[in-house]
Amino acid sequence: MSDLHTTGTGNPVIDDRIRGFPPGHAPLPLDAIGAQGWKPYDGEMALPLISLDQQAFATNVDLMMAYVRDHGVEIAPHAKTPMSTAISGALLAAGAWGTTVADIRQAAVMLKAGQRRLILANEIGGPAAARRLAALLAGYPSAEVHIFVDSVPLAEALVAAWRERSDLPPLGLLVEFGAGRAGARSADAANAILDVILPAESPNFKLTGIAAYEGAAATADAAETLRRIDGLVTLTAAFLPEVRARIGKERPLLVTAGGSVFFDRVVAGLSAAVSADPDCKLILRSGAIFFHDHGVYERGLSGLDAREGFRFGGKVHSVAREFQPALRVWAEVLSLPEPGLAICGMGLRDVAIDQGLPRPLALYRDGAKAADLTSAEVLRLNDQHAFVALPAGSAVAVGDVVEFGISHPCTCLDRHAILYGLDPDHQVVTAYLTSFG
């Protein structure tokens, strides 16, 4: 998006270099796109494009916010999924405690958008990365940033970077426990990190809590996955009183974990420890759940239903029935080279395949829905093409538009500069700029 110009008010001007924008149409400010009456299936918009079902997204937000309120926890949704400051801002307006980011650049995006409370839920590297973080935060004196630390070298690098300059806002350090990815693997390793942080504490540099990410512990075996996740959560919970003993009372502490599939295990395993500490707050970081999908999260959240893990308001809710997939990719039928095969104009450059292929949902012709297409199947993708197996008797024609569900929002959205928000009639009513770099 670096070549897009702006009106001077921070409202980017979009033109037909961007997916979805109608070829030959005069450039438009981003905030004017929703007033054009465009639809992804009426032949005007350039395909392929990605869309967000506004109503489904709002339903998912309401459900997840009801869950966190009922359990007395907070949420800082992970912004890496949409990398849209407008969507992160909407989640803050809906009650989110803050925003989670995965690296320094993502932190810069959110800070420049005016978001000041961030969890940087990742290790950043060593001394050079610590200096880069310091250089960024020097420009935001009101920022509240909490960063994962899982090693003595990173702790030492951050200590050195914050000692080098006096113009930095407070930095909160979260000792990370892990299984399957980064994170300290034992209390001894975590205490070694505290041995570096605590003597170096100052008004703008201090320990603010502990963290974990349970999703990386998942395996193909469901029972083994829960065993590993529960072990990580138990390790994290047991360390909280150790931290409190070392730092004393009357200092607020954060405990943060919880992705979009196993957050129920986090709440079940950490709530008692957090409740026993009156100055402690539990913060989930679920992000992709607000978008859901027709693939990896559909499968993962069916497991949550099997555990009866989505409880609030005094009853068990069904994620499978109540959450709604909000993302779609739209593409035209380019060729019907042989019976039972359609080639659609959507490929590896447009949609994720790391957690499963896209799923055909419906067929549109002449600006209207013509048929359901759920019995069709995407066989494989090239760079620009999807090979779709059609059931016998399918009346698919060249030029028809196919609506696809996707699997794994995080690696699908990052292919797109614009996410088009649709109303219940699939008409574009807004557009979101993404910032994937």
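Just a yes or no: is a residue in the range 338-351 over 26 Å from Phe57 (Cα atoms) and without any contact (Cβ under 8 Å) to a residue 12 or more places away in the chain?
Within the range 338-351, one or more residues are over 26 Å from Phe57 (Cα atoms) and without any contact (Cβ under 8 Å) to a residue 12 or more places away in the chain.
Do the conditions hold for Tyr67, that is, is it in contact with a strand residue (DSSP E or B) (Cβ under 8 Å, 6 or more places away or on another chain) and either among the β-branched types (Val, Ile, Thr) or within 22 Å of Val267 (Cβ to Cβ) (or both)? Spell out the reasoning first.
Numbers: in contact with a strand residue (DSSP E or B) (Cβ under 8 Å, 6 or more places away or on another chain): yes; either among the β-branched types (Val, Ile, Thr) or within 22 Å of Val267 (Cβ to Cβ) (or both): yes.
The answer is yes for Tyr67.
Considering only the range 327-362, how many residues are among the small types (Gly, Ala, Ser), in a strand (DSSP E or B) and surrounded by 17 or more Cβ atoms within 10 Å (Cβ to Cβ)?
3
Assess whether Val274 counts as being buried (at least 17 other Cβ atoms within 10 Å of the Cβ) and over 30 Å from Met45 (Cβ atoms). Outline the logic, then answer.
Numbers: buried (at least 17 other Cβ atoms within 10 Å of the Cβ): yes; over 30 Å from Met45 (Cβ atoms): yes.
Here the answer is yes, as Val274 does meet what is asked.
Condition first: of a type in the set (Phe, Trp, Tyr), in a helix (DSSP H, G or I) and either open to solvent by 20 Å² or more (accessible area, probe 1.4 Å) or more than 17 Å from Glu123 (Cβ to Cβ) (or both). Can you find one or more residues in the range 211-220 that meet it?
Taking the range 211-220 first, the residues of a type in the set (Phe, Trp, Tyr) are 213.
Next, from what is left, pick out any that are in a helix (DSSP H, G or I): none.
No: the range 211-220 contains no residue that is of a type in the set (Phe, Trp, Tyr), in a helix (DSSP H, G or I) and either open to solvent by 20 Å² or more (accessible area, probe 1.4 Å) or more than 17 Å from Glu123 (Cβ to Cβ) (or both).
So in the range 261-314, with the set limited to residues that are part of a strand (DSSP E or B) and of a type in the set (D, E, K, R), which one is nearest to Leu120 (Cα to Cα)?
If we take residues in the range 261-314 being part of a strand (DSSP E or B) and of a type in the set (D, E, K, R), then Lys281 is nearest to Leu120 (Cα to Cα).
Restricting to the range 86-102, name every residue that is open to solvent by 10 Å² or more (accessible area, probe 1.4 Å) and over 12 Å from the mean Cα position of the chain (by Cα).
Answer for the range 86-102, where residues must be open to solvent by 10 Å² or more (accessible area, probe 1.4 Å) and over 12 Å from the mean Cα position of the chain (by Cα): Ala86, Gly89, Ala90, Leu92, Ala93, Ala94, Gly95, Ala96, Trp97.
Kindly evaluate Ala135 against the criterion of being of a type in the set (A, V, I, L, M), under 26 Å from the mean Cα position of the chain (by Cα) and open to solvent by 10 Å² or more (accessible area, probe 1.4 Å).
Answer is yes for this residue.
Within the range 139-150, can you find the residues that are within 16 Å of Gln106 (Cβ to Cβ), free of Cβ contacts under 8 Å to residues at least 60 places away in the same chain and open to solvent by less than 50 Å² (accessible area, probe 1.4 Å)?
Scanning the range 139-150 gives Tyr140, Ala143, Val145, Ile147.
With respect to Pro127, is the statement that it is open to solvent by less than 40 Å² (accessible area, probe 1.4 Å) and over 14 Å from Leu194 (Cα atoms) true? I'd like the intermediate steps shown before the answer.
Values: open to solvent by less than 40 Å² (accessible area, probe 1.4 Å): no; over 14 Å from Leu194 (Cα atoms): yes.
Judged against the criteria, Pro127 is not a match.
Checking the condition closer than 30 Å to Ile119 by Cβ, out of contact with any Leu (no Cβ under 8 Å at 6 or more places or on another chain) and at pLDDT 95 or above, which residue from Asp53, Asp31 passes? Break it down stepwise before answering.
On the way: Asp53 fails: out of contact with any Leu (no Cβ under 8 Å at 6 or more places or on another chain).
That would be Asp31, the only listed residue that is closer than 30 Å to Ile119 by Cβ, out of contact with any Leu (no Cβ under 8 Å at 6 or more places or on another chain) and at pLDDT 95 or above.
Out of all the residues in the range 396-437, which are out of contact with any helix residue (DSSP H, G or I) (no Cβ under 9 Å at 6 or more places or on another chain) and part of a helix (DSSP H, G or I)?
Answer for the range 396-437, where residues must be out of contact with any helix residue (DSSP H, G or I) (no Cβ under 9 Å at 6 or more places or on another chain) and part of a helix (DSSP H, G or I): Thr411, Cys412, Leu413.
Out of the residues in the range 243-257 meeting the condition of being without any contact (Cβ under 8 Å) to a residue 60 or more places away in the chain and within 29 Å of the chain's Cα centre (by Cα), tell me which one is nearest to Gly215 (Cα to Cα). Steps first, answer last, please.
First pass over the range 243-257, keeping only residues without any contact (Cβ under 8 Å) to a residue 60 or more places away in the chain: 244-253, 255, 257.
If we keep only those that are within 29 Å of the chain's Cα centre (by Cα) too, we end up with 252-253, 255, 257.
Values: Pro252: 26, Leu253: 23, Val255: 16, Ala257: 9 Å.
Applying the filter and picking the extreme gives Ala257.
Of all residues in the range 41-74, count the ones that are in contact with a helix residue (DSSP H, G or I) (Cβ under 8 Å, 6 or more places away or on another chain), open to solvent by 10 Å² or more (accessible area, probe 1.4 Å) and in a helix (DSSP H, G or I).
Selection size over the range 41-74: 5.
For the range 380-396, state whether one or more residues are of a type outside the set (Phe, Trp, Tyr), in contact (Cβ under 8 Å) with a residue 40 or more places away in the chain and within 27 Å of Met83 (Cα to Cα).
Within the range 380-396, one or more residues are of a type outside the set (Phe, Trp, Tyr), in contact (Cβ under 8 Å) with a residue 40 or more places away in the chain and within 27 Å of Met83 (Cα to Cα).
Quick check on Gly258: is it open to solvent by less than 30 Å² (accessible area, probe 1.4 Å) and small (Gly, Ala, Ser)?
Numbers: open to solvent by less than 30 Å² (accessible area, probe 1.4 Å): yes; small (Gly, Ala, Ser): yes.
When the stated conditions are applied, Gly258 passes them.
For the range 31-40, name all the residues that are assigned to a loop (DSSP other than H, G, I, E, B) and either touching a helix residue (DSSP H, G or I) at 6+ places or on another chain (Cβ under 9 Å) or open to solvent by 20 Å² or more (accessible area, probe 1.4 Å) (or both). Reasoning before the result, please.
In the first step, residues of the range 31-40 are kept if they are assigned to a loop (DSSP other than H, G, I, E, B); the result is 36-40.
Residues satisfying the conditions are Gln36, Gly37, Lys39.
Identify the residue in the range 151-190 that is polar (S, T, N, Q) and touching a strand residue (DSSP E or B) at 6+ places or on another chain (Cβ under 9 Å) and, among all such residues, is surrounded by the most Cβ atoms within 10 Å (Cβ to Cβ). Break it down stepwise before answering.
So in the range 151-190, the residues polar (S, T, N, Q) come out as 151, 166, 186.
Still in the running and touching a strand residue (DSSP E or B) at 6+ places or on another chain (Cβ under 9 Å): 151, 186.
Details: Ser151: 19, Ser186: 11.
Across the range 151-190, the extreme among qualifying residues is Ser151.
Any residue in the range 303-315 that's open to solvent by less than 60 Å² (accessible area, probe 1.4 Å): show its pairings with residues that are of a type in the set (Ser, Thr, Tyr) at Cβ separation under 7 Å, as long as the two are six or more apart or on different chains.
Correct list of pairs: Asp305/Ser318; Phe310/Tyr67; Phe312/Tyr67.
The values are calculated or read from the model by the stated rules, or taken from the named source; none is laboratory data. Since this is a predicted model, take the numbers as computed values, not measurements. All Cβ positions, glycine included, derive from the backbone under ideal geometry; neighbour counts span all protein chains shown. Ligands, DNA and RNA are stripped out before the accessible areas are found, and what is left, the full protein with its side chains, is counted by its heavy atoms. Shrake-Rupley method; radii C 1.70, N 1.55, O 1.52, S 1.80 Å.
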